[in-house]
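Note sheet for the following structure.
Each reported figure results from applying straightforward, stated rules to the coordinates on display, with no laboratory input. Quantities reported herein were computed from a predicted structural model and do not represent experimental measurements. Cβ coordinates were reconstructed from backbone atoms using ideal geometry, including for glycine residues, and neighbour counts include every protein chain displayed.
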Amino acid sequence: MNPIDTQIREYYQKQTLPEENLQAMQPPEDTPQPSQWPWLLPLAAAMIALLAIFLGKSFSLSQAVAAEIAKNHTAQLAMEISSSDYQEVAAQLDQIDFSLTPPGGVFSRQFTLIGGRYCSIQTELAAQLRVRENATGKMHTLYIIPLTDDFSALKETKHSVKGVKVQLWTEGDRFFGLASSK
Amino acid sequence: MNWFNKSGIRETAQFRELAQSGFRYALSLAHHHHDAEDLTQQAWLKLQRNGSGPIVRGPLFKTIRNLFIDSLRRKGIIEFESLPEETLVAEESTSEPGVTGDLEYFLGQLKTGDRELLYLHCVEGYTAQEISDLIGRPRGTILSAINRAKAKLRELAAKQESPPSRPAKENARP
């Protein structure tokens with residue numbers, strides 16, 4: 001470094017801002033500020049608790065429905081009406097006041113109706129339909145349940161209960177369950 | 001962020017170092033202790049009011065510089081803004097001698113802009129390009145002015161100009 005640079009640096013480094021100026025520039029110590037929303041914490045806690053209850057209830061209901069459907073599927077009770085026509089089965093199950101048309105999409109092309117009977121899922125009157133998978137010939141059980149408030153809270157889920165795969169979903173005003181032996 | 005949070009020994013040291021740098025930069029502009037203290041404090045408080053983050057060197061220097069220019073304008077002084085465009089001159093040799101005599105007085109004889117450049121270059125270690133970015137002048141002009149200012153200091157020292165009836169405490173606080 002050039003000597004004159006050093007002299008200039010040393011000159012300025014000897015110059016200091018007085019302590020009183022430093023103190024004046026010092027911002028006040030942080031002090032805890034009262035929360036602007038003191039009610040927010042309990043509200044958040046309450047919402048989390050409600051959410052946990054809701055999710056827990058939904059989860060347990062979903063599990064219960066899947067378990068009941070799996071049990072019914074495994075029982076392989078005889079169909080009261082044997083027909084491959086959904087309208088004919090619906091006409092015979094005249095206590096049922098909701099549609100027994102098959103689910104949308106490719107279901108009708110993939111499965112053929114074998115027959116149907118009454119059943120109940122979670123005390124709700126439901127239709128239990130036996131269907132055959134066209135590609136494999138494997139028998140499955142389709143459950144159609146009116147969409148009550150309890151069922152409407154359930155998400156589309158898949159379960160495995162004692163060797164039975166159970167798929168649950170909602171379409172329109174109906175709740176469906178499809179059980180398949182592994 | 002508070003420079004003075006309770007666990008912030010490092011922050012306190014950084015604050016002091018930055019505040020002193022700001023003050024020395026202000027002194028290079030004003031060449032007057034009391035004015036430099038005021039400039040530093042005003043700039044610091046302005047940045048504290050305006051910004052949400054920690055105060056850093058670049059904005060602090062720019063704020064000090066702007067406040068100083070404002071004060072010159074209020075006083076009707078425009079000398080500071082005229083930094084002549086000059087061609088690039090060669091870097092001086094490191095074997096060039098220093099100056100003997102009252103450096104503070106010699107620095108006071110320089111133009112404000114030249115003194116500022118010397119401070120940024122010699123004390124803060126800014127390159128010509130960094131100074132150019134800070135004050136918005138071409139790099140060549142910066143280099144030229146730095147060398148010219150050093151030459152002026154040597155010239156003053158060579159003439160051994162003693163401070164003519166310089167007030168005893170020109171730069172001291174009133």
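Structure above, values below:
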| quantity | calculated |
| --- | --- |
| Folded to 0 to 90 degrees: helix A:3-14 orientation relative to chain A principal axis, Cα | 80 |
| Formal net charge of residues neighbouring B:GLY58 (Cβ-Cβ distance under 14 Å; K, R +1; D, E -1) | 0 |
| Net charge of neighbours whose Cβ lies under 14 Å from the Cβ of A:TYR12, counting Lys and Arg as +1 and Asp and Glu as -1 | -2 |
| Relative contact order (%) - chain A, alpha-carbon pairs under 8 angstrom, separation at least six | 17 |
| Inter-chain Cβ neighbour average for residues B:102-113, partner chain, 10 Å | 1 |
| Dipole moment magnitude, nearest 20 debye, chain A about Cα centre, only Lys, Arg, Asp, Glu C-beta charged | 1140 |
| Length released on extending from A:ASP173 to A:THR101, taking residue separation times 0.36 nm less the Cα-Cα span | 24.7 nm |
| In degrees, nearest ten, helix A:40-75 long axis to first principal axis of chain A (Cα) | 30 |
| Length gained when the stretch A:GLU10-A:GLN122 is fully extended (0.36 nm per residue, less Cα-Cα span) | 31.5 nm |
| Cα-based reach from A:LYS138 at 22 Å (exclusive), listing lysines while leaving out same-chain residues under 8 positions away | A:LYS71, A:LYS158, A:LYS162, A:LYS165, A:LYS182 |
| Estimated distance in nm for a label pair at A:GLU133 and A:GLN23, the labels positioned 7 Å out from Cα along Cα-to-Cβ | 8.4 |
| Averaged over A:150-157, number of beta-carbon atoms from partner chains that fall within 10 Å | 0 |
| Mean Cα-pair separation over length for the range A:61-126, i.e. relative contact order, pairs under 8 Å, 6 or more apart, % | 39 |
| Within straight-line cross-link reach of A:LYS14, lysines at Cα separation under 21 Å, skipping those fewer than 8 residues along the same chain | B:LYS150, B:LYS169 |
| Distance in nm between pseudo-label sites at A:PHE54 and B:LYS62 (7 Å out along the Cβ direction from Cα) | 4.8 |
| Simple label model, 7 Å out from Cα along Cβ direction - A:SER180 to A:ALA44, nm | 4.4 |
| Solvent-free Debye scattering, log10 I(q)/I(0), computed from the Cα coordinates of the range B:109-160 at q = 0.17, 0.19, 0.32 Å⁻¹ | -0.47, -0.57, -1.27 |
